[in-house]
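One structure is given here, and the rest of the page talks about it.
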Amino acid sequence: MSTSSTPTTTLDPDSARQGYDRDRLVRVAVLGVGMMGQDHARRLATLTAGAELVAVSDVDVARTDAVAQEFGVRAIHDPRAAVTDPEVDALVIATPGFTHEDLVLLALDAGKPVLCEKPLTTSPETSRRIVEREAELGRQLVQVGFMRRFDAGYQQLRALIASGDHGAPLFLHCAHRNATTPPNFNSEQLMLDSVVHEVDVTRYLTGEEVVAIRVIAPRSTAQAPEGLRDPQFVIMETESGILVDVEIFVNTTFGYEVRTELVAERGQARIGLPEGMVTQSAQGWGGSIPKDFKERFGAAYDTEFQRWIDAVRNGTNVDGPGVWDGYAAAAVCAAGVRSLRTGERVEVDLGPRP
């Protein structure tokens, strides 16, 4: 694999916030302070240069108050009120996906930059509304939280594909594994909450749209809760005919693993797999495996937030995936859900881009 890579932001917790005029800090509110939102609040409060965490918001009053006290910021119990608050310059939306459309549209109306966790919304129809609304404004305000684009390995693999050193890409083989699932996790969420990342990195790595998808469910692991179809096998096709397969397996019991292998005309490359790995199971393996997504992609999240804040400060507002990327991922995932139900190949038509 080529050693060239896209430069990433290096963050030093002891010095990252130095050198900025406090009057120019971006005042940020985090909406939704579950596990993800709390991690983002910590990142903004302690690590991201040029940002000032000023408020947290969640419909869970006790949790909002506790997180606000932890970071010494205001608690706002109504996320909609946080969006329109005059003391808030920019927003991180980490609330449940079904709330995103309302909050993002409100932020667009208020003219405030947003970093919205995936999914942009829970359906292509609602995501399309956001695409069209932002187009009407004539400027980008919304970045979608596909953090893998900020991971050094994915950036390196993208640079290799773009260089043409190995010839045209033919296959991408992906594995996305998690130790356990949260309560009430359903079969469709494997696509909507997990494979959505592989959908986005397929588009990021190849520069092409996904035009068709098929989802196959083999027998379920005995570790899956009753009724959950886990694992699943996903096959995607891009515009030029690249085939992408994804093994999604979310009850492995042994850890969190995300890896991708490129097979091209004159070579291959893989990321996310430590050298020396031979086998893995609940009893162990020959290397180390991250325990969760925060360990595997912590540096990518740090870079994502730093580049977003830098973009807000310089007036571009977005330095990464935008609303069209969120819409495209939602459309492919919706087609994937249809395929899971029918077992058939489903074509994807994104329609014209505004």
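FYI, it's all coordinate maths here, none of it is from the lab. These numbers come from a predicted model, not from an experiment. Note that we place each Cβ from the backbone using ideal geometry, even for glycine, and neighbour counts take in every protein chain shown.
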How far apart, in nm, are the 7 Å Cα→Cβ label points at Phe98 and Glu208? 3.7 nm
Mind pulling the angle between the C-alpha long axis of helix 152-163 and the longest principal axis of the chain? Nearest 10 degrees, somewhere in 0 to 90. 60 degrees
Taking Cα atoms, the helix 196-206 axis meets the longest principal axis of the chain at an angle in degrees (rounded to 10) of 80 degrees
Give me the distance in nm between label points sitting 7 Å out from Cα along the Cα-to-Cβ direction at Thr180 and Ala222, one decimal. 1.8 nm
Separation between Cα centres of segment 289-354 and segment 137-184, rounded to whole Å: 9 Å
Taking Cα pairs under 8 Å and at least six residues apart, what relative contact order does the chain come out at, in percent? 20 percent
Helix-derived mean residue ellipticity, 222 nm - over the chain, DSSP H n ≥ 4, -39500 (n - 2.57), to 500: -10500 deg cm²/dmol
Between 0 and 90°, nearest 10: helix 124-137 axis offset from the chain longest Cα axis: 50 degrees
Distance between Cα centroids, segment 194-212 to segment 51-67: provide it in whole Å. 33 Å
Measuring from the lowest to the highest alpha carbon on each principal axis, how far does segment 108-251 reach, largest first, in angstroms? 51, 43, 27
P(r) of the chain over all Cα-Cα pairs, 20 Å bins starting at 0, rounded to whole percent, reads 29, 60, 11
Can you list the equivalent-ellipsoid semi-axes of segment 69-189, largest first and in whole Å, using the square root of 5 times each Cα gyration tensor eigenvalue? 32, 21, 16
Projected label distance in nm at Asn314 and Gln69, using a 7 Å step from Cα toward the beta-carbon: 4.1 nm
